[in-house]
Amino acid sequence: MSFRHFLNFEGLSPQRIGSFFSKVDQLNFYENIKPNHHIVAHLFFEPSTRTQMSFTMATIRCGAQPLSFPFENSSLKKGETFLDTLLTVQAMGVSAMVVRHGYPESMKDILGVIQIPLINAGEGSSGHPTQALLDVYTILKERGRVEGETVLFVGDVSHSRVAWSNFGLLSLLGAKIGLCSPKEWLPQSKKYKFEYFDTLEDGVKWATVVMALRVQKERHSVIQNFDIKKYQVNGDILKKIKSDAIIMHPAPFNREVEITNDVLNDPRCVIWKQVANGVKVRTVLLKEILKLQ
């Protein structure tokens, strides 16, 4: 089974994910890059640093050429729709499209219209599957396994597309998921099984992986006030975290808000490894989609 599109984890098995991660392990970043005829369009309708730049790096590592999208100077400003923008870029002859957006249309629902591979680089509040891939790959590398791991998500859970994609992949691979969040920001879905923790101290004592999340103010329909300190991964919490646990954050993070400097400097913090793994994971994904094995 090879990837045609990559929008979520539907239809994938633990064995398929394991095979994918094995290819990530085998990736040699220092091999000669051989140019090919593929052009990959990167259409980012929302701000991004890590995802956009790592997909650019991944495209170059594949020997393909990245084509950036000038969102601020595009015809969207003249009334062109999201779908018509994708159709326009498709008509130019690119090999695949990497898309991040927050429009009402679902990428899954437009697959019948788009004839080339489509990769989800973040879609509203619903999902960010390549981030979940790199997060779970990082857990595998740092912890030695995924099945049986206890992964705690802290903070603004329900608005986090990263969390939603991680729920799907972690559940598929047999990890246990814990949540510590204001009640207003807890997911209402019964699709996944969660452990709930009223205090962060109780949560980190349970967890082998602590995933801090940014407050997604841009996705809140109303302004909500809460005590950030209650959900802040800080020096006091650091003392309660297991000695062999790892601390993660999908980033961007706000220093001294959801996570403090002393935590970022702790050897258990693997945020920069997540960033590095993002390039590797996305390189292998593009190789599979472009059939460059």
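Worth pointing out:
- Here the label points at Met53 and Lys183, each 7 Å from Cα along the C-beta direction, are separated by 4.2 nm in the simple model.
- In plain terms, if you count all Cα to Cα distances in the chain and split them into 5 Å steps from zero, the share in each step is 1, 5, 12, 16, 18, 16, 13, 9, 6, 3, 1, 0 percent.
- Taking Cα centre as origin and charging only the Cβ of basic (Lys, Arg, +1) and acidic (Asp, Glu, -1) residues, the dipole magnitude of the chain rounds to 560 debye.
- Proximal lysines relative to Lys78, as straight alpha-carbon distance under 28 Å, when same-chain residues fewer than 8 apart are discounted: Lys108, Lys217
- The stretch between Asn73 and Lys193, if pulled fully straight at 0.36 nm per residue, gains 38.8 nm over its current Cα-Cα span.
- Cβ-based charge dipole, the chain, positive-most Cα from Ala251, Leu170, Tyr231: Leu170
- A straight Cα-to-Cα reach below 19 Å connects Lys291 with the lysines Lys23, Lys34, Lys280, residues fewer than 8 places away in its own chain not being considered.
- Reducing the stretch 237-253 and the stretch 1-58 to their Cα centroids gives an inter-centroid distance of 26 Å.
- Acute angle (nearest 10 degrees) that the helix 50-61 long axis makes with the longest principal axis of the chain, alpha-carbon atoms: 50
- In the chain, the longest principal axis of the Cα atoms and the axis of helix 271-289 are about 30 degrees apart.
- The relative contact order of the stretch 115-248 comes to 26 percent, based on Cα pairs under 8 Å that sit 6 or more residues apart.
- Anisotropy class assigned to the stretch 129-271 is rounded, per the alpha carbon gyration tensor with a/c under the 1.5 cut-off.
- Ranking His128, Leu285, Ser19 by how far each Cα lies toward the positive end of the dipole of the chain (charges on Cβ) leaves Ser19 at the top.
- Degrees separating the helix 129-143 axis from the principal Cα axis of the chain, which is the longest one: 50
- In a fully extended conformation the segment linking Lys23 and Asn254 would gain 79.8 nm over its present Cα-Cα distance, using 0.36 nm per residue.
None of the figures in this text is laboratory data; all of them are computed from the coordinates on show. Please read all numbers here as calculations on a predicted model, not as lab measurements. Virtual Cβ from ideal backbone geometry, glycine too; neighbours counted across all protein chains shown.
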